[in-house]
Each structure stands twice: as C-alpha cells, then as structure tokens.
Amino acid sequence: MRIVAFHGSPRIGGNSDILLKEALKPIDREGHETRLFRLNLMNIKPCQNCGGCDETGVCVIKDDMDEIYNAVRAADRVILSSPIFFFALSAQSKIMIDRFQCFWCEKYLLNRTVPVGQNGRKGLLMLVGGMKKDIGIQCGEATAKAFFRTISVPEHETLSYLGIDNKGAIIHHPTALADAFDAGERLIKQNEEL
C-alpha cells in the first residue's frame, strides 16, 4: 500500500510533526511505502487562478508540486497533519491544497477522476491548535475535506486537539499519541467492502 503524508507546519519537532510521526509508526512497521512531504521545505508557488488547467487538468506552474501530484495519483492513503493558525490550516498546507485546482478541473470540468486503485483511497487529517474554540478545527476540516474529495479520497478520519500551543506540548496530552498511532493502524486496514 502506498501512503502519502503531508507535514503542514513550519516547525520540525512541533505538535503536528509529533502526531504525524506517531501515525506513521504502525504504517512503517507493516512495511508500507510512505512518501513524506515537509511542505515548508518545498518550492511551491501559490495558485495563480490563471485558468491554465481548465481545459487540460494540468497545472502550468512547474515546481515541486509535480512530485506531489505524481505521489497523490499513486497513493492509496493520504495523511495531512497541520497546525491551526487563525482558525485555518497553515499557509503551507493551504498553498499545496490550492494547487490541486488542476485536479478539481480534471474531475469536475473534464469528468476524469483520479483512479482509486485496488486498495481504495482513505485519508487521515490531524489538526492541533492553541485556541480553545473548535471553529478553527471546523474551518480547517472543511478545507481538508474539499481537498480529499477532489483527489478521490471519499472518506477520512479527523483527529483534533485544542489548547495545545507550545512546541512539543502534545506529548503531555493524555491520549493524543495513542490516538494518532491507532488512527495510523486503522488507515491501513482494508475495508470489508473494498
């Protein structure tokens, strides 16, 4: 099974990174192929809303997104781990998601969806933020859901944690690390209906 994981934080070793590493442990243990993209370290230009992908489904911008596009097309499972900043996904996560406009055009304008493969496609979303209100989680999940559905991921699980702000503070949460590990295990299980 092929897994694509996106780390959407500017911080290495921060809360979303720790959660992602925990979710990947059971996946790595089972020997699945994993591609990890640390979005903050990549050369990704913002979507220019130029219409260049409207008739082809192919983005006209050439940068590190080409590698991401290929990995997502081949993926059976997709993981996104992002902090919540100002009630939204991180800029690193959002810039990547916006560049999937070409997949949206391919799916909804050109009627060509990303094939799901023999293992189907599932997703995992992990969100962590310092705020106490869940509006940031709701907004972040809405954006991620649109992303997942655009890339033909029909279902995803969401783990979210509020009131976690300091770097590494997630390790003191009573269940977060176990939750992430268990979610990683569930992600690679085959659905009975697939």
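The values are calculated or read from the model by the stated rules, or taken from the named source; none is laboratory data. Since the structure is predicted, the reported quantities are computational estimates derived from the model, not experimental observations. When we count neighbours, we look across all protein chains shown, and the Cβ atoms used for this are built from the backbone with ideal geometry, even at glycine. Calculation scope for accessible area: heavy atoms of the full protein, side chains included, ligands and nucleic acids excluded. Shrake-Rupley method; radii C 1.70, N 1.55, O 1.52, S 1.80 Å.
A few comments on the model shown:
- Cα centroid separation, the stretch 1-65 to the stretch 156-189 (Å): 19 Å
- Accessible-area composition of the chain, carbon plus sulfur, in percent [1.4 Å probe]: 52 percent
- Overall dimensions of the stretch 1-156, expressed as equivalent-ellipsoid semi-axes from the Cα gyration tensor (√(5λ), whole Å, largest first), are 23, 19, 15.
- A cut-off of 5 Å between modelled amide H atoms, ignoring neighbours fewer than 5 places along the same chain, links HIS156 with GLY123.
- Other residues within the sphere of radius under 13 Å centred on the Cβ of PRO83, judged by their own Cβ, net out at +1 (K and R +1, D and E -1).
- Bins of 5 Å, starting at 0 and running to the largest distance - Cα pair percent for the stretch 43-98: 4, 16, 23, 24, 19, 12, 3
- Taking 20 Å as the limit for the C-alpha separation, the pairs LYS107/LYS145; LYS45/LYS145; LYS122/LYS145 exceed it in the case of LYS45/LYS145.
- Estimated 222 nm signal from helices in the chain, with DSSP H stretches of n ≥ 4 weighted -39500 (n - 2.57), rounded to 500: -10500 deg cm²/dmol
- Cα gyration tensor, the stretch 103-170 - rounded (a/c under 1.5), prolate or oblate: prolate
- ASP182-ASP63 pseudo-label distance in nm [points 7 Å out on the Cα-to-Cβ vector]: 3.9 nm
- Here the chain is scanned for trypsin sites (Lys or Arg not before Pro) in DSSP loops (not H, G, I, E, B) that have at most 16 other Cβ atoms within 10 Å, and the longest stretch holding none of them is 12-61.
- Anisotropy class of the stretch 131-194 from Cα gyration tensor, a/c 1.5 cut: oblate
- Charge tally for PRO154 (other residues, Cβ to Cβ under 10 Å; Lys, Arg +1; Asp, Glu -1): +2.
- Among 46-58, 172-184, the order from most to least packed when residues are scored by Cβ within 10 Å on average: 172-184, 46-58
- Crossing angle, helix 135-150 versus the chain [Cα axis fit, 0-90 degrees, rounded to tens]: 40 degrees
- Where the stretch 52-190 is the region considered: accessible area per residue in Å², 1.4 Å probe: 46 Å²
- Loop chymotrypsin sites (Phe, Trp or Tyr not before Pro), the stretch 33-142, which have at most 12 other Cβ atoms in a 10 Å radius of their Cβ (DSSP): PHE86
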